[in-house]
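Data block below; observations after.
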Amino acid sequence: MGDFEIKDIVGKKIERYKSKLMIKELQLDVLLDITNSINHNFSTLTIIEKFKSFLKEQLKIEKFALFSKFSRWKCVLSHGLEEGESEKINVERDLFHLKEITSVTSNQNDSLKNFDMVIPVYHGVEPLAYLLLGDVSNDEFSVSHIIKHLNFLQLLTNISVSAVENHLLAKELLKQEKERRELMEKQNEILEKLVLERTKELHAEKDESERLLHNILPEEVAQELKQKGFTTPLRYNEATILFTDFKEFTQTSAKISPQKLVNELNDIFKAFDYIMEIFDIEKIKTIGDSYMAVCGLPKESNTHAIQCISAAFDMIKFLEKRKKKSDIAWEMRVGIHSGPLVAGVVGTKKFTYDVWGDAVNTASRMESSSVPGRVNISEKTFQLVKDYFDCEYRGKLAAKGMGEMDMYFVTGEKLSVRFLQSKTFILDKLEKELPEKLFYHGLHHTLSVCDAASFLALKENIGAEKTELVKIAALLHDSGFVKQYKENEVIGCEIAREFLPKFNFTSEEIEIICGMIMATKIPQSPKNILEEILVDADLDYLGRTDFPSIGKTLFDELNANGNSLDENQWNQRQINFLSNHKYFTQTARELRQPEKQKQLEKLQRT
C-alpha cells in the first residue's frame with residue numbers, strides 16, 4: 001500500500017472522528033443547556049422551547065410533534081404541521097403499541113402518513129412521550145440527516161418531559177449519566193474529555209442536592225441520615241430555645257395581598273437565617289409569623305444562652321433598620337428559655353428536624369409574655385447570662401398552663417462607659433465620613449465584623465477586658481477608608497491613637513488595638529489570639545452561605561474605585577483568594593472552614 005493510500009485512509013478516519021466529536025459536542029451542549037435550565041428552576045415553557053430550538057435550529061428538522069403524558073397525551077410542541085393535523089392523532093390508538101424507534105413511512109394509518117419516524121420515550125414500562133418527525137422537502141436536511149441523533153433525541157425527550165412532569169431531574173440525570181459513561185468508555189481518547197466534563201457537572205448536581213438536604217437538616221443529622229438511612233433522637237441536657245412573633249400579625253396580614261405578605265416574611269426570615277448562621281444557632285422552623293431556633297444542638301455549646309440573646313438583639317436591630325425603608329413597621333416579641341430537650345427527625349417524605357420538651361413550651365410562654373421590641377427571658381436563662389447582660393426583673397408573671405414564673409427583660413450587653421462612648425463616636429464618624437462607593441467596606445461591614453469578633457471572643461474565652469479591645473479594634477479596623485482606599489490600616493491606627501485617649505484607653509491598650517488593625521491587612525499576619533480573632537472576624541463571611549452576595553458588593557466596589565474586572569476575572573481572583581486563605585482560631589476553623597471549602601468548589605465549577 002502506497003503512502004498516498006495510507007494518508008487517504010488516515011484522513012478518512014480523522015474525518016470520521018471529527019464528525020463523531022461534532023455530534024457529541026452538539027448533543028452535550030443542548031443537554032447541558034436544558035439540564036441547567038431545570039436546575040435553575042426555569043419555567044416548563046422555557047425548557048420545552050429550548051428542546052424545540054434544538055430540533056428546529058440545530059438539527060434542521062422541518063416537521064415534528066411531541067405528545068406528552070403530563071398533558072394527557074395532547075400535543076405540547078409542534079413545528080411545520082398543517083392546521084388541525086395534530087388533532088387527528090390519537091396516542092392511545094396510533095402510538096401506544098410503538099415501543100422502539102420506528103419508521104412509519106409504510107404505515108397505513110392516515111393520521112401518521114405525513115410523518116417518517118416515531119421516537120417513543122418510556123420510563124420503565126410506562127410511556128412518557130412520543131416524538132414524531134417528518135420531512136416537508138427532500139433537500140439535504142432530511143430525516144436521514146438526523147438518524148445519528150435518534151437515540152440522543154430519545155434521551156433528551158425523556159429528560160425534558162420528566163422534568164416538566166415530576167421534577168425528579170437529579171435521579172434521572174444520574175441514570176442517564178451512567179448510560180452515558182458506558183457509551184463513552186467505548187469511544188476513543190478524543191471523546192473521553194467529554195465524559196470527564198459531564199462527570200464534573202454531575203458532581204455539581206450531587207453537591208447541590210446535598211446542599212438542599214443540609215438546608216432542611218443540620219449537617220451532622222443529614223450525614224447520619226445519608227449513612228444510616230435513619231436518625232437517632234437525642235436528649236440534650238442544656239440548650240437555649242428562641243421564639244419570636246410579630247405584634248398584630250393577623251390584623252396586618254388581612255390588609256395586604258398574599259404575595260406581599262409572603263415577600264415580607266421571606267425578606268425578614270432570610271435575614272434572620274443569616275443572623276442564626278453568624279451566631280451558630282440552629283433554625284428549627286417557622287410557623288406563620290413565628291420563628292423558632294435553638295442553640296446547643298446538635299453541636300453542644302457552653303455559651304448557648306449568650307448566643308441566643310446576642311442573635312435576638314441583632315434581629316430586633318434589623319427590623320428597626322428595615323422600618324425606614326418598608327411601608328410595614330413590623331414589631332417583634334422575643335422569648336428565650338434554657339433547659340433540657342429532645343431533638344430528632346420526623347417524617348419520611350418531607351423531613352423535619354424538631355425539638356420537644358417542657359423547655360420548648362416554656363420558651364413559647366416567654367415569647368407570648370414579652371412585648372414588642374423586647375427580649376423576655378426565664379429565670380433559668382437569667383442565671384446563665386447575668387454576668388454578660390443587664391436585665392430588668394419583671395416579677396412573677398402568669399404563664400398559660402404553667403402558673404406564675406419569674407421573668408426578665410434583657411436591657412443590653414454589660415459594657416463599660418468608655419466602650420459605649422467610643423462606639424458612639426466611631427460609628428458616627430464612619431456614618432458621616434465614609435465614601436459612598438464603599439459597597440463592601442461600609443458601615444454595615446463594620447457592624448458585621450464587630451458581631452463576628454464578639455462571637456469568636458466569646459467562644460475562644462478570652463475574657464471581658466480583652467473582648468472589649470477586640471470589639472474596639474473591629475469598629476476601627478476600616479476607619480482609614482474615611483481618608484484613603486489603599487493602605488487604610490495605617491490611617492485607622494492614626495485615628496485610634498488620636499481619639500481613643502479621650503475615652504480613657506491607655507497607650508498600651510491602643511497599641512494592642514493597632515496591632516489588631518494592622519493584622520487585617522492582606523496578606524493577614526496575626527501574632528496573637530486577639531489578632532487572630534479580628535482577622536477571622538474580618539473575613540468571617542468567606543465561610544458563610546451569604547458569601548456570594550457579599551462578594552458581589554466587593555466586586556462592585558473594586559470596579560467603582562479604579563479596577564476594571566469582568567466576572568471571569570473576579571471569579572478567578574476569588575478562587576485564588578479562597579485557596580490561599582486560612583482561618584486562625586479553632587472556632588472559625590470548625591465553624592467556617594467547611595462552608596468556605598464548598599464555596600471554593602462551587603466557584604471552581606463555574
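The values are calculated or read from the model by the stated rules, or taken from the named source; none is laboratory data. Note that this is a predicted model, so its numbers are computed, not measured. In this analysis, Cβ positions are derived from the backbone assuming ideal geometry, glycine residues included, and neighbour counts consider all displayed protein chains.
When you scan region 78-98, how many residues do you find that are among the charged types (D, E, K, R) and either touching a Lys or Arg at 6+ places or on another chain (Cβ under 7 Å) or surrounded by 11 or more Cβ atoms within 10 Å (Cβ to Cβ) (or both)? Can you show your working first?
Let us first name the residues in region 78-98 that are among the charged types (D, E, K, R), namely 82-83, 85, 87-88, 92-94.
Pick out the ones that are also either touching a Lys or Arg at 6+ places or on another chain (Cβ under 7 Å) or surrounded by 11 or more Cβ atoms within 10 Å (Cβ to Cβ) (or both) and you get 85, 87-88, 94.
Count: 4.
Can you say whether ASN488 is within 30 Å of LEU591 (Cβ to Cβ) and out of contact with any Asp or Glu (no Cβ under 9 Å at 6 or more places or on another chain), as far as the supplied structure shows? Spell out the reasoning first.
Numbers: within 30 Å of LEU591 (Cβ to Cβ): yes; out of contact with any Asp or Glu (no Cβ under 9 Å at 6 or more places or on another chain): no.
No.
Within region 552-606, how many residues turn out to be farther than 24 Å from LYS299 by Cβ and of a type in the set (Ser, Thr, Tyr)?
Final tally of qualifying residues: 4.
Within the group PHE246, PHE279, which residue is surrounded by 19 or more Cβ atoms within 10 Å (Cβ to Cβ), at pLDDT 90 or above and farther than 18 Å from LYS321 by Cα? Quick ask: steps written out before the conclusion?
Working: PHE246 fails: farther than 18 Å from LYS321 by Cα.
Only one candidate passes the filter, namely PHE279.
Consider THR286 carefully, then state whether it is within 24 Å of LEU234 (Cα to Cα) and surrounded by 15 or more Cβ atoms within 10 Å (Cβ to Cβ). Can you show your working first?
Values: within 24 Å of LEU234 (Cα to Cα): yes; surrounded by 15 or more Cβ atoms within 10 Å (Cβ to Cβ): yes.
So THR286 fits the description; yes.
Assuming ASP538 fulfils every condition listed in (1) under 17 Å from the mean Cα position of the chain (by Cα); (2) within 26 Å of ASP267 (Cα to Cα) apart from one, which condition is it?
Among (1) under 17 Å from the mean Cα position of the chain (by Cα); (2) within 26 Å of ASP267 (Cα to Cα), ASP538 violates only (1).
For SER53, state whether it is surrounded by fewer than 16 Cβ atoms within 10 Å (Cβ to Cβ) and outside any helix (DSSP H, G or I). Steps first, please.
Values: surrounded by fewer than 16 Cβ atoms within 10 Å (Cβ to Cβ): yes; outside any helix (DSSP H, G or I): no.
Criteria not met by SER53.
What is the one condition in (1) under 30 Å from ASN266 (Cβ atoms); (2) out of contact with any helix residue (DSSP H, G or I) (no Cβ under 9 Å at 6 or more places or on another chain); (3) not assigned by TED's automatic domain parsing to the domain that holds ALA311 that ASP428 does not satisfy?
With (1) under 30 Å from ASN266 (Cβ atoms); (2) out of contact with any helix residue (DSSP H, G or I) (no Cβ under 9 Å at 6 or more places or on another chain); (3) not assigned by TED's automatic domain parsing to the domain that holds ALA311 applied to ASP428, the lone miss is (1).
Counting only residues that are buried (at least 18 other Cβ atoms within 10 Å of the Cβ) and charged (D, E, K, R), which one in region 524-541 is nearest to ASP478 (Cα to Cα)?
Among those that are buried (at least 18 other Cβ atoms within 10 Å of the Cβ) and charged (D, E, K, R), it is ASP538.
Taking only pairs six or more apart or across chains, which ones have beta-carbon atoms under 8 Å, a first residue in region 443-472 that is farther than 22 Å from ASN302 by Cα, and a second residue that is acidic (Asp, Glu) and part of a helix (DSSP H, G or I)?
Once the first residue is farther than 22 Å from ASN302 by Cα and sits in region 443-472, its partners that are acidic (Asp, Glu) and part of a helix (DSSP H, G or I) give LEU443/GLU431; SER448/ASP540; VAL449/ASP538; VAL449/ASP540; LEU469/GLU509.
Write out, first by first residue and then by second, each pair whose Cβ atoms fall under 7 Å of each other, whose residues are 6+ apart or on separate chains, and whose first residue, in region 498-516, is assigned to a helix (DSSP H, G or I) while the second is of a type in the set (Gly, Ala, Ser).
Partner pairs satisfying both residue conditions: LEU500/SER422; PHE503/SER422; ILE510/ALA496; ILE513/ALA473; ILE513/ALA496; CYS514/ALA496; MET516/ALA473.
Quick check on region 287-298. Is at least one of its residues over 27 Å from LEU447 (Cα atoms), over 29 Å from the mean Cα position of the chain (by Cα) and either aromatic (Phe, Trp, Tyr) or in the same structural domain as SER253 (by TED's automatic domain parsing) (or both)?
no
It is to be established whether one or more residues within region 516-523 are within 24 Å of THR303 (Cβ to Cβ) and surrounded by 22 or more Cβ atoms within 10 Å (Cβ to Cβ).
We begin by selecting, within region 516-523, every residue within 24 Å of THR303 (Cβ to Cβ); these are 516.
Still in the running and surrounded by 22 or more Cβ atoms within 10 Å (Cβ to Cβ): 516.
Looking for residues that are within 24 Å of THR303 (Cβ to Cβ) and surrounded by 22 or more Cβ atoms within 10 Å (Cβ to Cβ), one finds at least one in region 516-523, hence yes.
Which ranges mark the helices (runs of 4 or more DSSP H) fully within region 91-208 that have 1 or more residues being modelled with pLDDT under 65, of a type in the set (D, E, K, R) and under 25 Å from ASP33 (Cα atoms)? Talk me through it step by step, then tell me what you get.
Working: elements: 91-94, 150-166, 169-184.
It comes to 169-184.
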